[in-house]
Amino acid sequence: MTVVRTTCPYCGVGCGIKAQVTGPRDVTIKGDDAHPANAGRLCSKGTHLGETVGLEGRLLYPQIGNEQAEWDEALTLIASRFSDAVRDHGPDSVAFYVSGQILTEDYYVANKLMKGFIGSANIDTNSRLCMASAVAAHNRAFGEDVVPVSYGDLEQAELILLVGSNTAWCHPVIWQRIEAARTKTGAKLVVIDPRRTETAECADLHVPVAADGDVALFNALLMDMQTRGLVDANYLAQHVDVPEGFWNSLSGSAAAAGISEADFAALTDLVAAHPKMVTLFSMGVNQSTSGTDKANAIINLHLATGRIGKVGAGPFSMTGQPNAMGGREVGGLASMLAVHMGFSDEECAAAQHYWQSPTIARAPGLKAVDMFRAVHDGRIKALWVMGTNPAVSMPDAGFVREALDKCEFLVVSEVMAEGDTAAYADVKLPALAWGEKAGMVTNSERLMSRQRSLFDAPGEAKPDWWALAEVGKRMGYRAAFDFDGPAAVFREYAGQTAFRNDGRRKLDLGAWAEISDGEYHEWQPAQWGGASPFADATFTHNGGKAKLVAVRPPETRPMNAAQPLTLNTGRYRDQWHTMTRTGLSPRLSQHRREALIEIHPADAAIYGVTDGGLARVHSAAGEAVFRVYITDAQRRGEIFAPMHWTDQFAGGGRCNRIVDSAIDPVSHQPGFKNNAAAIAPVAPEWRAFLVSREAPILPALLYWSKSRVAGGWLTEMAGADNIDLDRMLPVGERMEAVDMKRGMRRIAVQDADGRLSAALFLTRSGSLPPRDWIAAQLVSGDDSDAPSLLAARPRTPAPDKGPIVCVCFDVGTKQILQAVTQQQACTVEAVGRALNAGTNCGSCRPAIAKLIASCEAEIQEAAE
Ligand SMILES: Nc1nc2c(c(=O)[nH]1)N[C@H]1C(S)=C(S)[C@@H](COP(=O)(O)OP(=O)(O)OC[C@H]3O[C@@H](n4cnc5c(=O)[nH]c(N)nc54)[C@H](O)[C@@H]3O)O[C@H]1N2
Ligand SMILES: Nc1nc2c(c(=O)[nH]1)N[C@H]1C(S)=C(S)[C@@H](COP(=O)(O)OP(=O)(O)OC[C@H]3O[C@@H](n4cnc5c(=O)[nH]c(N)nc54)[C@H](O)[C@@H]3O)O[C@H]1N2
Ligand code: SF4
Ligand SMILES: [Mo]
């Protein structure tokens, strides 16, 4: 059995994996202890990758219309449609919309084809929704998109600020490194987030900033540092350009940031006392109509206090996707040309010369939101979407769907056959998925690692770079796209970063421009720019100085009586984006089975929504239906919805139905986290759930949401009218129990072998039984004679675990609370010893800590 060293396909932490292939589509996953990013650690998503490598639902053959086609036919069609559009309407009539989840080689070929050979810069990526504000801020401050720090700095810092980041859920291995460092060094942790997330629960200080209060907050911090005499005048004089009137223009305050004076004082005291400070930030900063200014406000604070380029200090924008950084390097954003070059005559000439290309893009292209507007109004005739699901993930997704529908020619490169975006495709191309494809990714700290293949290509799936290169050849550019493998693409890319660079840009991979196929195969993780690219305090701007950027707090959104709430959106611990992969895993589906709308108890009372009930949220963009979760972790007046659910998993729970497409004026990144919205209860006539071996085909309903369980599906439903639910049930032997008084119906269906194939529980006014035991009967079955099933009561009752917290060992809330209160397991470690919970991937450790904290009173009592 071979062990392959590869990299996790999820987040930008970029953890190394040791994958032991145990069968044709089976793999055992372990963290790679030799990988510098994670030293053996993995979170829940990485740990359970093995559950997502099956071929269920995969797109395995090219399709034209919905008919299977030959690759040659599909590629020739794409080349001719793109060529026709360029001939008839010019290069800007076509576009690529790609992803931080494709590999560096894929990205390089896409960028080269669009900018050098088609001659347009209409290539943008989902990184526009993710990192664009950080990129723009880096360019404004440093003159180049360079992350100034490394993970190692977290272990050296005295103070870590997390801004707009739910690190414990979204960058869990960075989180684990922070937690380990805090234990060792006593470093302080501050979380600046409107919500009291699990990350915030663990902090020394939680600053519940108001939506988009960050510029006001960081400006106020900088003013406070100036008052205290903590601005580093020497560093500024030697290494930073300070614009005229900068200090007088600064405005901001605790009140403007929406926080108390006490919280502000606590924060400034910490910042003043600890020069070794790292500020990590992600989507709460970037995804905002003031995102670029927020990032610059953070960078200003670091530059002005000289807290950059030194061990344990610097601003640190985390990347979301595994190769968001690789995409930024090759230049896959419409706002860059290539390899950190912009569109000056000199840079255009350099790129054209290096590519020996017939043409070159001379100005920035359309950025995501504008690109779909151009598709909608017919300016874009042909669009190629690769590795992203814009029908779900773009703001105002209803508009984006109209655009996709209208698009004259839409190509979608996918790994899944059915998807919200793929539904609109004229041509679908089957891509290699993680575990099959091979190439390079760059993580948040500029560390380049290899993804390596574990399995043979299934069906006719091919690498994305190959499909792009084949289209390039068929458009007439045979020599320029004649690559014999990813190593050849990588060499050409590395060469471009060095071409006419002469030390002007930090991104220089010239040392790898000639590596052999063998060396590429054996590649060990390597960091470009070194651990601290600004250690010498020279920046990329002409003259070598960084720049402070004068930024003002944004205007607050005018109060709107019809939509009085602020809608914030984001992520769950165990789901990845649009769920095309994590949604396949029964274990990962346990953490949050449905999309919840989180709301403060006082607001819930005002708007009449109840915990566990349903609510409709509406905004100017549209409406969506969610399960209600009442929690005082929300600020008053703010609600939170997850971004993950698609039309494949829920009817109406897609949050970008209700997020509008307002963008940051500098980066053009959408402000996903601050929308005006309203909420109202939904009162269904009936509620039901279905446990089934096969995915059900659902009629139109007021609400439905399905999730994976071992051996099948669990579907929650609610409706207004009488609907013939029986049609959803498979054929087989049926048992039924009806309780007219409570309007309860229970039906179980067994197959010919007497195994449960489906169970439906419906009620009009009563409550529904717990789902877990019933769902478990799809696989265990030994306990499930018809009467106990219909009574929803096992013959040998097992204790109710409560909602599952630890998905690795199936440990629930109730078990943990019991261990805490009855076995005095009062630390996360003690709970681990008692129940194993939290001892594998560690993703649930913050949740366990929170449960322990919730028992504090009882623990005290017991101790007395
Ligand atoms: N489990 C999981 N992990 C992931 C992903 C996933 O889908 N699932 N996706 C990956 C990707 S691509 C990305 S981009 C990252 C994102 O990682 P994060 O940025 O950590 O994730 P989000 O949940 O989008 O948003 C973070 C926080 O920003 C807060 N926020 C909202 N508005 C504001 C504001 O005005 N100011 C401040 N200071 N905070 C605010 C939200 O309340 C939220 O808790 O995660 C990566 N990792
Ligand atoms: N409301 C709201 N919306 C958001 C966000 C938010 O916080 N709130 N966050 C935004 C952010 S930061 C991001 S990064 C985006 C993410 O949004 P998307 O990029 O749309 O999400 P994914 O589900 O990761 O989409 C990847 C698609 O590519 C397919 N795929 C996987 N591997 C491959 C491959 O190797 N090749 C090809 N060709 N296809 C592949 C998958 O099946 C899937 O359909 O969402 C954005 N949208
Ligand atoms: S933190 Fe988790 S999701 Fe991110 S790379 Fe590591 S294992 Fe993968
Ligand atoms: Mo992202």
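The values are calculated or read from the model by the stated rules, or taken from the named source; none is laboratory data. Because the structure is a prediction, the values reported are computed rather than measured. When we count neighbours, we look across all protein chains shown, and the Cβ atoms used for this are built from the backbone with ideal geometry, even at glycine. With ligands, DNA and RNA removed, areas are computed over all heavy atoms of the protein, side chains included. Shrake-Rupley method; radii C 1.70, N 1.55, O 1.52, S 1.80 Å.
When we screen 740, 728, 735 for residues that are in the same structural domain as residue 706 (by TED's automatic domain parsing) and in contact with a helix residue (DSSP H, G or I) (Cβ under 8 Å, 6 or more places away or on another chain), the only hit is 735. Every test in (1) under 27 Å from residue 73 (Cα atoms); (2) among the hydrophobic types (A, V, I, L, M, F, W, C); (3) buried (at least 20 other Cβ atoms within 10 Å of the Cβ) is passed by residue 417 save one, and that test is (3).
For region 102-132, which residues satisfy the criterion of being assigned to a loop (DSSP other than H, G, I, E, B), away from ligand 4 (no atom under 16 Å from the Cβ) and open to solvent by less than 10 Å² (accessible area, probe 1.4 Å)? Listed by number, the residues that qualify are 103, 120, 121, 122. Just checking, does region 518-527 include any residue being among the hydrophobic types (A, V, I, L, M, F, W, C) and either open to solvent by 20 Å² or more (accessible area, probe 1.4 Å) or within 26 Å of the chain's Cα centre (by Cα) (or both)? Among the residues of region 518-527, at least one is among the hydrophobic types (A, V, I, L, M, F, W, C) and either open to solvent by 20 Å² or more (accessible area, probe 1.4 Å) or within 26 Å of the chain's Cα centre (by Cα) (or both), which makes the answer yes. Scanning region 61-79 for residues that are loosely packed, with under 15 Cβ neighbours inside 10 Å and either of a type outside the set (S, T, N, Q) or in a helix (DSSP H, G or I) (or both) gives 65, 67, 70, 72, 73, 76.
Return yes when residue 240 is crowded, with 19+ Cβ neighbours inside 10 Å, within 24 Å of residue 196 (Cα to Cα) and modelled with pLDDT of 95 or more and no when it is not. Full working, then the answer.
Values: crowded, with 19+ Cβ neighbours inside 10 Å: yes; within 24 Å of residue 196 (Cα to Cα): no; modelled with pLDDT of 95 or more: yes.
Spelling it out, it is not the case that residue 240 is crowded, with 19+ Cβ neighbours inside 10 Å, within 24 Å of residue 196 (Cα to Cα) and modelled with pLDDT of 95 or more.
The sole residue among 727, 687, 708 that is in contact (Cβ under 8 Å) with a residue 12 or more places away in the chain, open to solvent by 10 Å² or more (accessible area, probe 1.4 Å), farther than 25 Å from residue 376 by Cα and outside any strand (DSSP E or B) is 727. Counting the residues of region 551-585 that are of a type in the set (Asp, Glu) and in a helix (DSSP H, G or I) gives 0. Among the residues of region 811-861, which ones are in contact with a strand residue (DSSP E or B) (Cβ under 8 Å, 6 or more places away or on another chain) and without any contact (Cβ under 8 Å) to a residue 60 or more places away in the chain? Hits for region 811-861 are 811, 812, 813, 816, 835, 836, 837, 838, 848, 851. The set of residues in region 269-293 being part of a helix (DSSP H, G or I) and either within 16 Å of ligand 4 (Cβ to nearest atom) or under 31 Å from the mean Cα position of the chain (by Cα) (or both) consists of 270, 271, 283, 284, 285, 286, 291, 292, 293. Hey, any hits in region 838-849 for a residue that's more than 16 Å from ligand 4 (Cβ to nearest atom), farther than 23 Å from residue 200 by Cβ and open to solvent by 20 Å² or more (accessible area, probe 1.4 Å)? Yes, because at least one residue in region 838-849 is more than 16 Å from ligand 4 (Cβ to nearest atom), farther than 23 Å from residue 200 by Cβ and open to solvent by 20 Å² or more (accessible area, probe 1.4 Å). Screening residue 658 against (1) out of contact with any Lys or Arg (no Cβ under 9 Å at 6 or more places or on another chain); (2) more than 26 Å from residue 574 (Cβ to Cβ); (3) not basic (Lys, Arg) leaves a single unmet condition, (2).
Restricting attention to region 1-16, which residues are away from ligand 2 (no atom under 16 Å from the Cβ), within 20 Å of residue 457 (Cα to Cα) and not in a loop (DSSP other than H, G, I, E, B)? Matches in region 1-16: 3, 4, 5. Would you confirm, using the coordinates I've provided, whether residue 635 is in a loop (DSSP other than H, G, I, E, B), modelled with pLDDT of 95 or more and more than 22 Å from the chain's Cα centre (by Cα)? When the stated conditions are applied, residue 635 passes them. Against the condition among the charged types (D, E, K, R), over 20 Å from residue 208 (Cα atoms) and within 16 Å of ligand 2 (Cβ to nearest atom), how does residue 307 come out, does it pass? No; evaluated as a whole, the condition is false for this residue.
Taking region 135-174 as the range and being part of a helix (DSSP H, G or I), within 24 Å of residue 16 (Cβ to Cβ) and either open to solvent by less than 10 Å² (accessible area, probe 1.4 Å) or within 15 Å of ligand 2 (Cβ to nearest atom) (or both) as the test, the residues that pass are 151, 154, 167, 168, 169, 170, 172, 173, 174.
The numbered conditions (1) within 16 Å of ligand 4 (Cβ to nearest atom); (2) at pLDDT 95 or above are all true for residue 74 except (1).
Out of all the residues in region 299-310, is one or more more than 16 Å from ligand 3 (Cβ to nearest atom), under 13 Å from residue 158 (Cα atoms), surrounded by fewer than 24 Cβ atoms within 10 Å (Cβ to Cβ) and over 29 Å from the mean Cα position of the chain (by Cα)? For region 299-310, residues more than 16 Å from ligand 3 (Cβ to nearest atom), under 13 Å from residue 158 (Cα atoms), surrounded by fewer than 24 Cβ atoms within 10 Å (Cβ to Cβ) and over 29 Å from the mean Cα position of the chain (by Cα): present.
For residue 622, the test of being of a type in the set (Gly, Ala, Ser) and open to solvent by 30 Å² or more (accessible area, probe 1.4 Å) is failed. Quick one: would you say residue 633 is within 16 Å of ligand 1 (Cβ to nearest atom), open to solvent by less than 40 Å² (accessible area, probe 1.4 Å) and within 24 Å of residue 808 (Cβ to Cβ)? For residue 633, the condition - within 16 Å of ligand 1 (Cβ to nearest atom), open to solvent by less than 40 Å² (accessible area, probe 1.4 Å) and within 24 Å of residue 808 (Cβ to Cβ) - is not met. How many residues are away from ligand 2 (no atom under 13 Å from the Cβ) and not hydroxyl-bearing (Ser, Thr, Tyr) if we restrict to region 44-54? Residues in region 44-54 being away from ligand 2 (no atom under 13 Å from the Cβ) and not hydroxyl-bearing (Ser, Thr, Tyr): 5 in total.
Tell me which of these residue 574 doesn't satisfy, since it passes every other one: (1) buried (at least 19 other Cβ atoms within 10 Å of the Cβ); (2) free of Cβ contacts under 8 Å to residues at least 12 places away in the same chain. Checking residue 574 against (1) buried (at least 19 other Cβ atoms within 10 Å of the Cβ); (2) free of Cβ contacts under 8 Å to residues at least 12 places away in the same chain, the one that fails is (2). Out of 501, 542, 568, which single residue is surrounded by 16 or more Cβ atoms within 10 Å (Cβ to Cβ), over 30 Å from the mean Cα position of the chain (by Cα) and not small (Gly, Ala, Ser)? The unique qualifying residue is 501. All conditions but one from (1) under 30 Å from the mean Cα position of the chain (by Cα); (2) free of Cβ contacts under 8 Å to residues at least 60 places away in the same chain; (3) part of a loop (DSSP other than H, G, I, E, B) apply to residue 30; the one that does not is (3). Residues of region 362-394 that are farther than 17 Å from residue 668 by Cβ and either hydrophobic (A, V, I, L, M, F, W, C) or outside the structural domain of residue 477 (by TED's automatic domain parsing) (or both): 382, 383, 384, 385, 386, 391, 392. Pairing residues of region 738-765 that are surrounded by 12 or more Cβ atoms within 10 Å (Cβ to Cβ) with residues that are assigned to a strand (DSSP E or B) and of a type in the set (Asp, Glu), at Cβ distances under 6 Å and at least 6 apart in sequence or on separate chains, gives 747/736; 750/733. Can you list residue pairs whose Cβ atoms sit under 6 Å apart, with the first residue in region 161-173 being farther than 23 Å from residue 275 by Cβ and the second being away from ligand 4 (no atom under 12 Å from the Cβ) and of a type in the set (S, T, N, Q)? Count only pairs 6 or more apart in sequence or on different chains. Between residues of region 161-173 that are farther than 23 Å from residue 275 by Cβ and residues that are away from ligand 4 (no atom under 12 Å from the Cβ) and of a type in the set (S, T, N, Q), the close pairs are 166/197; 166/199; 168/199; 172/843; 173/38.
Within the set 787, 769, 799, the sole residue that is assigned by TED's automatic domain parsing to the domain that holds residue 711 and open to solvent by 20 Å² or more (accessible area, probe 1.4 Å) turns out to be 787.
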